[in-house]
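Presented below is the structure to which this report refers.
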Amino acid sequence: MSGIPMRQPDQLRPVEIQIGYLEHHPASVLYKSGKTVVLCTASVEPSVPPWLEGKGKGWVTAEYNMLPGSTVPRKRRERSKVDGRTTEIQRLIGRSLRAVVDLEALGERSIVVDCDVLQADGGTRTASITGGFIALAKAIKNELPNSKIGPEGPLRDSIAAISVGVVDGVVRLDLDYELDYAADVDMNVVMTGSGQFVEIQGTGEEATFSDGELASMIQLAKSGIAELTSEQQNALA
């Protein structure tokens, strides 16, 4: 189709990761996926929500926001009430991050991961998860210097997310806005660095998809997440 960027179907958009983007916040990450830009920060609080007090467990949650200038037309600020889309996305980010955290090993601490979209060109939720994990890992390392990513916790594994879809009959990886708008099927896949699935969200846009297309999308997502995991490891190294 005309206007589709000249990117191979199995090719990720260019990824850029800048840790410590905010001078006074070491667990801040500027994460770029093509033209999508998200600022992720992870803040540690020495307490937990009331329902967890005294249970020897920590908590990880997330907040997501799109700045007014991140899209055209301007997105109105969410003042007194968070809209349904924002609520759904920040819940997805939070549960994705918690999937790889040993909350008991974290101790009675809360970590809030803020994901603020500075510029949107598709894939803001998957970029928030992938960049948010890096911010989370930095925050935990700053709080618990001896911690490592592995079975001993508090971070048992890494987590990343990517979109896939079917556009003009072709299974494609990492949908930007133009591809997402044209897609007959789109799917978001969240996986750990070791290859375990955390969440799959997929739907046909006035279309259906076959077993073969589903298998192809899952396989493509797995390869994309493997690349993103490598990007995370390089950034954290």
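The values are calculated or read from the model by the stated rules, or taken from the named source; none is laboratory data. Bear in mind the structure is a predicted one, so any value in this text is a computation, not a measurement. Quick reminder, even Gly has a Cβ in these numbers, built from the backbone with ideal geometry, and neighbours come from all protein chains shown.
Looking only at segment 134-154, decide whether some residue is touching a residue at least 12 places away in the same chain (Cβ under 8 Å), in a strand (DSSP E or B) and of a type outside the set (A, V, I, L, M). Scanning segment 134-154 turns up at least one residue that is touching a residue at least 12 places away in the same chain (Cβ under 8 Å), in a strand (DSSP E or B) and of a type outside the set (A, V, I, L, M). Considered as a group, the residues in segment 81-100 that are farther than 30 Å from residue 153 by Cβ and outside any helix (DSSP H, G or I) include one that is modelled with the highest pLDDT, and that residue is 83.
Which residues, counting only those in segment 59-80, are modelled with pLDDT under 95 and among the hydroxyl-bearing types (Ser, Thr, Tyr)? Passing the criteria: 70, 71, 80. The residue pairs whose first member lies in segment 210-232 and is more than 18 Å from residue 34 (Cα to Cα), whose second member is of a type in the set (Gly, Ala, Ser) and modelled with pLDDT of 95 or more, and whose beta carbons are closer than 8 Å, counting only pairs six or more residues apart or on different chains, are 217/165; 222/195.
Looking at the structure I just gave you, is residue 78 of a type in the set (Asp, Glu), under 19 Å from the mean Cα position of the chain (by Cα) and either surrounded by 11 or more Cβ atoms within 10 Å (Cβ to Cβ) or not in a helix (DSSP H, G or I) (or both)? Spelling it out, it is not the case that residue 78 is of a type in the set (Asp, Glu), under 19 Å from the mean Cα position of the chain (by Cα) and either surrounded by 11 or more Cβ atoms within 10 Å (Cβ to Cβ) or not in a helix (DSSP H, G or I) (or both). For residues in segment 45-66 being in contact with a Lys or Arg (Cβ under 8 Å, 6 or more places away or on another chain) and surrounded by fewer than 16 Cβ atoms within 10 Å (Cβ to Cβ), which is farthest from residue 143 (Cα to Cα)? In this case the residue turns out to be 47.
Restricting attention to segment 178-237, the residues being polar (S, T, N, Q), out of contact with any Ser or Thr (no Cβ under 7 Å at 6 or more places or on another chain) and in a helix (DSSP H, G or I) number 6. Just one of (1) in contact (Cβ under 8 Å) with a residue 12 or more places away in the chain; (2) more than 22 Å from residue 140 (Cβ to Cβ); (3) not hydroxyl-bearing (Ser, Thr, Tyr) trips up residue 72, so point out which. All conditions are met except number (1). Residues in segment 81-100 that are surrounded by fewer than 21 Cβ atoms within 10 Å (Cβ to Cβ) and of a type in the set (Val, Ile, Thr) were compared, and the one that is nearest to residue 58 (Cα to Cα) is 87. Is it the case that residue 128 is under 25 Å from residue 18 (Cβ atoms), touching a Cys at 6+ places or on another chain (Cβ under 9 Å), hydroxyl-bearing (Ser, Thr, Tyr) and in contact (Cβ under 8 Å) with a residue 12 or more places away in the chain? Yes. Would a scan of segment 101-117 turn up a residue that is of a type in the set (Gly, Ala, Ser), modelled with pLDDT of 95 or more and within 18 Å of residue 57 (Cα to Cα)? Yes, because at least one residue in segment 101-117 is of a type in the set (Gly, Ala, Ser), modelled with pLDDT of 95 or more and within 18 Å of residue 57 (Cα to Cα).
Of the residues screened, residue 157 is not one that is buried (at least 23 other Cβ atoms within 10 Å of the Cβ), among the acidic types (Asp, Glu), within 15 Å of residue 229 (Cβ to Cβ) and modelled with pLDDT of 95 or more.
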